[in-house]
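Asker: Questions regarding the structure given below will be posed in turn.
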Amino acid sequence: MVRPPNPRPLAPLFLLLLLLPLPLGAADPLPIEGWLVNSCIQARRKCQADPVCSAAYHHLNSCTSSISTPSPTQELLVPEDCREAAKHLRNSSLMSCTCHRRMKNQVACLDIYWTIHLARSFGDYELDVSPYEDTVTRKPWKMNLSKLNMLKPDSDLCLKFAMLCTLNDKCDRLRKAYGEACSGSRCQRHICLHQLRAFFEKASEPHAQGLLLCPCAPADQGCGQRRRNTIAPSCALPSGAPNCLELQSLCVADPLCRSRLVDFQTHCHPLDILGTCATEQSRCLRAYMGLIGTAMTPNFVSNVNISVALSCTCRGSGNRQEECEQLEESFSHNSCLMEAIAAKMRFHSQLFSQDWADSTFSVMERQNKNPALMPQPWVPSLFSCTLTLILLLSLW
C-alpha cells in the first residue's frame, strides 16, 4: 500500500509570506530612531562604549560652548586641545550621523550633530550640511470631500482646505492648539511658535500644505488674507522689523532652528545662474515649512501674490550689508522656492477642478521630472520578490 506523501510544513511558507513587500503607503508611522541608517543618538551610544571615543566626544562637547559659529567671511578659531579631541573622532560613526525632523528625541539628536559638526569644520570654512536624512516617499493623497457640500459652491480653496483640516481629528486638534496659543493681544510668542512647529511636524503633509499653500485668485483678497493668517503672523512674527543678521544669529544659537535653516539652504538653493535647483520640489517645500515656528519664520508678503519673505530688514547692517541682502533674498528672490510653491498651488487647484465620481479620492502627485532625483521604491521590492521566489523553489 502506497503511503500518501507527507504534507509540507506550513511554518516555512508562513515565514516566506512575511518577506513579501507591503504595498506602498500601507502604513504611515512616525519615523523612529531605528529607521535611520546612522542616527546621531545611535552613533553616540557606540562612541560611549569606547573609552577613547567617549572622552574625546565629551571634551569636544565642552569646546562647542566656548566657540562661536563664524560667518562665511570669518575664520574659525579653535583651541589646540579641541582640535586634538576632534582628531580622535575622525574614524567614528559620529562623523556621518544624521537626524530626522519627526524622530523621537530630535533635539538631543541635533545637539549631537552640531557638536560633531565642529570636528568637520576644521580647516577651510565649510558650508553647513543639513543634519536631516529625510526620505521622500510618493504616497497617494487621500481626502474625504463628502462634507464639503456644506460650504457655498463658490467658496475659495483656502476655506475648503480649512474645512478638510477641521474634518480630520488630528489636524483639527493641532490647529486649534496653535490657534489658542497664538491668539489674543497678550499671546506669548515662544508658546505660539512651539505650537506652530507641532502642527507642521505632526499634521499630515496634505493637510498642512493645503492650509499653507492654498491657491487664491489674484482679486480674491479674502482668500489671500486667510492664507497669510495661517501661521498667525500677529503673534508668530517679531514685532517691528529686526535686522536679518540678528535674526540669523538667534537662529544659529538654537540647534533646532539652525538645523531647519541649513536644511532650507540645502534643498532650496539654486545651483547656478540658470536657476537649476539642488533637489526636488517636495524636499524644498518640506524644508521651507520646517522653518515655520522658528526664529526664521517666513510668510507671504501680501494678499494678492505668492511672494514670501522673512520679517526683517537689512537697515543698519554696516559692512555686512551684502551678506544681509543675500540672506533676505534667499527667501524673497529664490526661484527654486517660488517654483515649488507655484507647482504645489497648481496641484491643489487641480484637486478641486476635477469631477470626482466618489466623495473620497486618492491621487498621486507628480514629483520633479529629473529621474536622478526620483525615489525608486521598486528596487527593494524587486529584490524581496526575487529572494522569495528562490526560496519557494528550493522548498518545492
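Asker: Among the residues of segment 202-216, what is the count of those that are assigned to a helix (DSSP H, G or I) and either out of contact with any helix residue (DSSP H, G or I) (no Cβ under 8 Å at 6 or more places or on another chain) or buried (at least 21 other Cβ atoms within 10 Å of the Cβ) (or both)? Talk me through it step by step, then tell me what you get.
Answerer: Going residue by residue through segment 202-216, those that are assigned to a helix (DSSP H, G or I) are 202, 205-212.
Among the residues that remain, those that are also either out of contact with any helix residue (DSSP H, G or I) (no Cβ under 8 Å at 6 or more places or on another chain) or buried (at least 21 other Cβ atoms within 10 Å of the Cβ) (or both) are: 206-212.
Qualifying residue count, segment 202-216: 7.
Asker: A further question follows. Taking segment 291-301 as the region of interest, how many residues are touching a residue at least 40 places away in the same chain (Cβ under 8 Å) and more than 12 Å from Ser332 (Cβ to Cβ)? Please lay out each step first, then the result.
Answerer: Taking segment 291-301 and keeping what is touching a residue at least 40 places away in the same chain (Cβ under 8 Å), we get 292-297, 299-300.
Retained after the next criterion (residues that are more than 12 Å from Ser332 (Cβ to Cβ)): 292-297.
Residues meeting the conditions: 6.
Asker: If you don't mind, another one. Counting just the residues of segment 233-251 that are among the hydrophobic types (A, V, I, L, M, F, W, C) and surrounded by fewer than 19 Cβ atoms within 10 Å (Cβ to Cβ), which one comes out modelled with the lowest pLDDT?
Answerer: Result: Ala241.
Asker: I need every pair where a residue in segment 83-110 that is hydroxyl-bearing (Ser, Thr, Tyr) has its Cβ under 7 Å from the Cβ of a residue that is part of a loop (DSSP other than H, G, I, E, B) and open to solvent by less than 10 Å² (accessible area, probe 1.4 Å), sequence separation at least 6 or different chains.
Answerer: Thr98/Pro131
Asker: Any chance segment 41-54 includes a residue that's within 27 Å of Ser249 (Cβ to Cβ) and either among the aliphatic types (A, V, I, L, M) or modelled with pLDDT of 85 or more (or both)?
Answerer: no
Asker: Please specify each residue of segment 278-305 satisfying the condition of being farther than 22 Å from Cys257 by Cβ and open to solvent by 50 Å² or more (accessible area, probe 1.4 Å).
Answerer: Across segment 278-305, the qualifying residues are Gln281, Val304, Asn305.
Asker: From the list Asp128, Asp111, pick out the single residue that is within 28 Å of His194 (Cα to Cα), modelled with pLDDT of 90 or more, open to solvent by 40 Å² or more (accessible area, probe 1.4 Å) and not basic (Lys, Arg). Full working, then the answer.
Answerer: Details: Asp128 fails: modelled with pLDDT of 90 or more.
Answer to the check: Asp111.
Asker: For residues that are modelled with pLDDT of 85 or more and in contact with a Lys or Arg (Cβ under 9 Å, 6 or more places away or on another chain), scanning just segment 56-72, find the one that is nearest to Ser249 (Cα to Cα).
Answerer: Initial filter on segment 56-72 (modelled with pLDDT of 85 or more): 56-62.
Now narrow it down to the ones that are in contact with a Lys or Arg (Cβ under 9 Å, 6 or more places away or on another chain): 56-57.
On the way: Ala56: 28, Tyr57: 25 Å.
Filtering first and then ranking leaves Tyr57.
Asker: Take Arg260 and decide whether it is touching a Gly at 6+ places or on another chain (Cβ under 8 Å), crowded, with 21+ Cβ neighbours inside 10 Å and closer than 22 Å to Asn334 by Cα.
Answerer: Yes, satisfied.
Asker: Tally the residues that are more than 14 Å from Cys251 (Cα to Cα) and either under 23 Å from the mean Cα position of the chain (by Cα) or assigned to a helix (DSSP H, G or I) (or both), restricting the search to segment 295-327. It would help to see each step written out before you state the result.
Answerer: Applying the first criterion (more than 14 Å from Cys251 (Cα to Cα)) to segment 295-327 yields 299-309, 313-326.
Now restrict to residues that are either under 23 Å from the mean Cα position of the chain (by Cα) or assigned to a helix (DSSP H, G or I) (or both): 299-301, 306-309, 318-326.
Total satisfying the criteria: 16.
Asker: Next question. For Gln367, state whether it is polar (S, T, N, Q), in a helix (DSSP H, G or I) and modelled with pLDDT under 90. Spell out the reasoning first.
Answerer: Numbers: polar (S, T, N, Q): yes; in a helix (DSSP H, G or I): no; modelled with pLDDT under 90: yes.
Judged against the criteria, Gln367 is not a match.
Asker: Follow-up question, since we're still on this one. Which condition from (1) at pLDDT 90 or above; (2) more than 14 Å from Tyr132 (Cβ to Cβ) is the one that Leu271 breaks?
Answerer: (1)
Asker: Now, a different point. Go through (1) open to solvent by 10 Å² or more (accessible area, probe 1.4 Å); (2) hydrophobic (A, V, I, L, M, F, W, C); (3) touching an Asp or Glu at 6+ places or on another chain (Cβ under 7 Å) and name the single condition Ala219 misses.
Answerer: So the condition that Ala219 fails would be (3).
Asker: In addition: Being in contact with a Ser or Thr (Cβ under 6 Å, 6 or more places away or on another chain) and open to solvent by less than 50 Å² (accessible area, probe 1.4 Å), is that true of even one residue in segment 310-329?
Answerer: Within segment 310-329, the subset in contact with a Ser or Thr (Cβ under 6 Å, 6 or more places away or on another chain) is 324.
Remaining after also requiring open to solvent by less than 50 Å² (accessible area, probe 1.4 Å): 324.
Scanning segment 310-329 turns up at least one residue that is in contact with a Ser or Thr (Cβ under 6 Å, 6 or more places away or on another chain) and open to solvent by less than 50 Å² (accessible area, probe 1.4 Å).
Asker: Give me the pairs, please: first residue somewhere in segment 342-353 and under 19 Å from Asn305 (Cα atoms), second residue anywhere and in a helix (DSSP H, G or I) and among the small types (Gly, Ala, Ser), beta-carbon distance under 8 Å, and either six or more positions apart or on two chains.
Answerer: The qualifying pairs are His348/Gly210.
Asker: Identify all residues within segment 131-166 that are outside any helix (DSSP H, G or I) and either in contact with a Cys (Cβ under 8 Å, 6 or more places away or on another chain) or at pLDDT 90 or above (or both); write none if there are none.
Answerer: The initial filter retains those residues of segment 131-166 that are outside any helix (DSSP H, G or I), namely 131-147, 151-156.
The answer is Pro131, Tyr132, Glu133, Asp156.
Asker: Continuing with the same structure: Just one of Cys97, Cys82 is under 29 Å from the mean Cα position of the chain (by Cα), open to solvent by less than 80 Å² (accessible area, probe 1.4 Å) and either modelled with pLDDT of 50 or more or under 30 Å from Leu327 (Cα atoms) (or both); which is it? Steps first, answer last, please.
Answerer: Values: Cys82 fails: under 29 Å from the mean Cα position of the chain (by Cα).
That would be Cys97, the only listed residue that is under 29 Å from the mean Cα position of the chain (by Cα), open to solvent by less than 80 Å² (accessible area, probe 1.4 Å) and either modelled with pLDDT of 50 or more or under 30 Å from Leu327 (Cα atoms) (or both).
Asker: Spot the failing condition for Asn303; the list is (1) at pLDDT below 90; (2) in contact with a Cys (Cβ under 9 Å, 6 or more places away or on another chain), and only one is missed.
Answerer: (1)
The values are calculated or read from the model by the stated rules, or taken from the named source; none is laboratory data. Nothing here was measured: the structure is a model prediction, and the numbers come from that model. Using ideal geometry, Cβ is built from the backbone for each residue, glycine included, and neighbour counts are taken over all protein chains shown. Surface accessibility is based on the protein's heavy atoms, side chains included, excluding ligands, DNA and RNA. Shrake-Rupley method; radii C 1.70, N 1.55, O 1.52, S 1.80 Å.
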